[in-house]
Structures are given as structure tokens and as C-alpha cells.
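J.: Here you go, one structure.
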Amino acid sequence: MQSERLQSILDEVAAAAQADPDKGRVADYIPDLARVDPDQFAIAVARPGQPTLVAGDAATPFSIQSVSKVFTLAVALGKIGGHLWLRVGREPSGQAFDSMFLLEQEKGRPRNPFINAGAIVTTDAVLEGTEPKAALASILRFVREAAGDDAIHINESVAQSEIATGHRNFALAHYLLSHGNLQHPPELTLGTYFHQCAIEMSCTQLANAGLFLTACEDAPRMVSSSRIRRINALMMTCGHYDGSGDYAYRVGLPGKSGVGGGILTIAPGIASIAVWAPGLNHYNNSKLGTEAMQRLTDLTGWSVFGAPTD
Ligand code: GLN
């Protein structure tokens, strides 16, 4: 698609989002996120070898939260490969991101690596045989390299704010430990997990960081192409928790959301798209972000379920 046409679509999508009075509700269970102004919106589209196109507050950094789980999964698979699947499933959970329900029923084996329990196990796998600092550094290094941007950093205050209040995640970690599915003390694995969630990026940086998942010829080669297909499949089926079916229906592309209001979406072979609007819908995914992605894909025709238009 021509850049001028794509830019006018982004402007239209941003204008519609900015005009919508219903912004959703910002996550308030993490004190630092409760303070974010809901009246912000950004979208960015990265395509290999072309300037990243943006609209709205695309240079404003936000907490990527669960979007980080995609990068940690890539790092964990790089480290222990398919062994990860002995500890975590690959099925949608149909439950909230922090649900305990299935974990109890399924004896401490989380349904997938994108719900909190599964992400905690995935981070625990990255920690294997490594100091926590080095494990965290390997995740941050991966993100920086994928985005081609060494300025990407962790917001320590957000991480501390979650360490102080993340009781549900501690409950999940202790439950995993009781089933022998955590190899490190909960404080240690969660310390790493909370810091990975506290990575801050702008929409422009996040869109760039997702380029490796487009499998475009000129995209950064961070993982093998067969792994790209698998990560995208998991994003499509599990990336929005109990709202994954809804996102697949509305947007038709693999995506991963975070409670900071960011969503990374991949149009395979075409583009990596990041959207950010802090207010969430009842699935705890960005409300305006989801709606903007639906509008964008309706206007571009980008979908893994239709004939390619680009
Ligand atoms: N750090 C958040 C948590 O563990 C991530 C949740 C999310 O983004 N859905 O609760």
C-alpha cells in the first residue's frame, strides 16, 4: 500500500479514536498505571525498509506490560526450545489474564504462555542457570535489538509498584511452585517478570520491535521462520485472554495486548502495528486500541483470513 494512502488511514483511525468519548477504564490495580491520563492515543505502522508511519502520541512512552510476554516467549524458546511445552500449554484459556481457576483444575500447568501463570513459568525458564539480572538483561537486549533502539528502558517505579501490590501474581507463583512448576523462589521469578512488564516503549518503538514477527524479507532476523509462525499462532489464539476470539473476529490478525493499553499486532508479510490507548474494555484489553485496529484492518483489508490486498 502507498505510504500516502496508509498515512491518511492512520489519521482517520486516530481522529475517530480521539473523538470517542468512551475511553474505557485504565488499569487501577497497579498504582502507577492508575495515574495514566486516559485521554491519549497513538498508532504506528512499521514496514521493513520504509519509514514507520504514525498518528497521535506515537512518541510517548507507555508501560508495555503483557506485550512483553511475546518477547520473553521468543527468548525462552531460544533458550530451551520445545521443552517449554512440557511446562506450559498452547490452548486459549477463556479466562481472565490473572485467573487461578484452570490452574487449579489442571494441576499447575498453565494453559498458555500469555496468561499470567504461563508467562511466569516462561520467565522462570529464562532464569534457568542464570542470574536474575542477566536474565532480565537478555530480555531487554532482545527487545532493543528487535526495535533497533538502545534507548528502550525499564521503568523501575512501575516494577516496584507491582512488586508491592502483585498479590495475585504471588498467589499464582506459589501455586505453580506447589506443583513443582516453578524452579526459582517466587520473589525471584516475579521480580524478573514485573521488571519485564515494566519495559516502556513508544508506539513507534513497539511497532519497530514487532517487525521480526512479520517474516518480511528485510525484517530483523531474531528467530527462525517456523518459530515466527508458532508465536503468531499463539498471539492469535491466546494474545487477548478471554477476548482472543473477539479480537480475531474483529481484527483478523495475531495480536498481544497489555494492561498499559498497548497492543502489538502483526500483519504477516506486510507490517507490524502498535496501538496505544490506556483505557481498557471488560476483557482488560485496550478499548480504543481494539476499535482502532478493527477500523484499520477494515480500511486496509489486512487479515490472515482473506485474500491479500497488498
Ligand atoms: N504486569 C501485569 C500483571 O501481571 C500484566 C498483565 C497484563 O498486561 N494483562 O498483572
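J.: Kindly indicate which of Gly239, Gly252, Gly261 is more than 16 Å from the ligand (Cβ to nearest atom) and out of contact with any His (no Cβ under 6 Å at 6 or more places or on another chain).
T.: Within the list Gly239, Gly252, Gly261, the selection yields Gly252.
J.: Now, a different point. Can you report the number of residues in region 82-111 which are under 19 Å from the mean Cα position of the chain (by Cα) and aromatic (Phe, Trp, Tyr)?
T.: Matching residues across region 82-111 total 1.
J.: Would you say Glu104 is assigned to a helix (DSSP H, G or I), of a type in the set (Asp, Glu), more than 14 Å from the ligand (Cβ to nearest atom) and surrounded by fewer than 18 Cβ atoms within 10 Å (Cβ to Cβ)?
T.: In short, yes.
J.: Please verify whether region 86-93 includes one or more residues that are over 19 Å from Ser66 (Cα atoms) and surrounded by fewer than 17 Cβ atoms within 10 Å (Cβ to Cβ).
T.: Yes: region 86-93 contains one or more residues that are over 19 Å from Ser66 (Cα atoms) and surrounded by fewer than 17 Cβ atoms within 10 Å (Cβ to Cβ).
J.: Right, next: Which of the residues belonging to region 174-205 are within 15 Å of the ligand (Cβ to nearest atom), open to solvent by 30 Å² or more (accessible area, probe 1.4 Å) and of a type in the set (A, V, I, L, M)?
T.: The answer is none; no residue qualifies.
J.: When only residues in region 137-173 that are open to solvent by 30 Å² or more (accessible area, probe 1.4 Å) and of a type in the set (A, V, I, L, M) count, which is nearest to Leu73 (Cα to Cα)?
T.: Top of the filtered list is Ala137.
J.: Need at least 2 residues that are within 16 Å of the ligand (Cβ to nearest atom) and modelled with pLDDT under 95 per element, so show me which helices (runs of 4 or more DSSP H) inside region 1-95 make the cut, counting only ones lying wholly within it.
T.: Result: 31-34.
J.: Is it fair to say Phe114 is under 18 Å from Val259 (Cβ atoms), aromatic (Phe, Trp, Tyr) and without any contact (Cβ under 8 Å) to a residue 24 or more places away in the chain?
T.: So Phe114 fails the test.
J.: If you don't mind, there's one more thing I want to ask. Quick one: which of His282, His240 is surrounded by fewer than 18 Cβ atoms within 10 Å (Cβ to Cβ) and within 28 Å of Arg35 (Cβ to Cβ)?
T.: His282
J.: Output the residues belonging to region 34-54 that are open to solvent by less than 10 Å² (accessible area, probe 1.4 Å) and of a type in the set (A, V, I, L, M).
T.: Once the filter is applied, which keeps residues that are open to solvent by less than 10 Å² (accessible area, probe 1.4 Å) and of a type in the set (A, V, I, L, M), region 34-54 yields Ala42, Ile43, Ala44, Val45, Ala46.
The values are calculated or read from the model by the stated rules, or taken from the named source; none is laboratory data. Remember, it's a predicted structure, so these values are computed and weren't measured experimentally. No Cβ is skipped: glycine too gets one built from the backbone with ideal geometry, and neighbour counts run over all protein chains shown. When the accessible area is computed, the model is the full protein with side chains, heavy atoms only, and any ligands, DNA or RNA have been set aside. Shrake-Rupley method; radii C 1.70, N 1.55, O 1.52, S 1.80 Å.
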